[in-house]
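One structure is given here, and the rest of the page talks about it.
Laboratory data are not the source of any read-out in this text; all were calculated from the coordinates shown. On a predicted model such as this, the values are computed, not experimentally measured, just so you know. Glycine also receives a Cβ, built like all others from the backbone with ideal geometry; neighbour counts cover every protein chain displayed.
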Amino acid sequence: MGSAVSNETRTTRRVAFVLHIREGMGEAYDKSHETVWPEMLDLLTRCGVSEYSIFRRDTILFLVMSIPAEDTFDQVWERIEADPINTRWQKTTAPFFKPIEGLQDGERFPMLREVFYLP
């Protein structure tokens, strides 16, 4: 079954990936996201990210966001990584994360492919 709405007809497209946090860090991770810095939220928006959600089950994080349809995820993420605001944010959140494993060639995160979408 294909997507209800083709990615090619939207001005944005959704991307999703998985991360894992360290055992015992769930509560601290959640708390760190109760008040995401306004400048970090602004950076994400300026880089083209919208409708960004993070879901957590135990130590598994499922992240989904919309990005401009004309951009690749890597293009958007490179803009984010180039900003010192992100560098500071990453320093505060780095202790939460397990090392990333199981990457396919060219991946920075374990990406998921959207197979269905009901807008």
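Here are the numbers for this structure:
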{"quantity": "Scan of segment 14-58 for residues that are of a type in the set (Asp, Glu) and within 26 Å of Pro84 (Cβ to Cβ), ordered by number", "calculated": "Asp30, Glu34, Glu39, Asp42, Glu51"}
{"quantity": "Only listed residue being of a type in the set (Lys, Arg), touching a residue at least 12 places away in the same chain (Cβ under 8 Å) and over 29 Å from Leu118 (Cβ atoms), chosen from Arg22, Arg13", "calculated": "Arg22"}
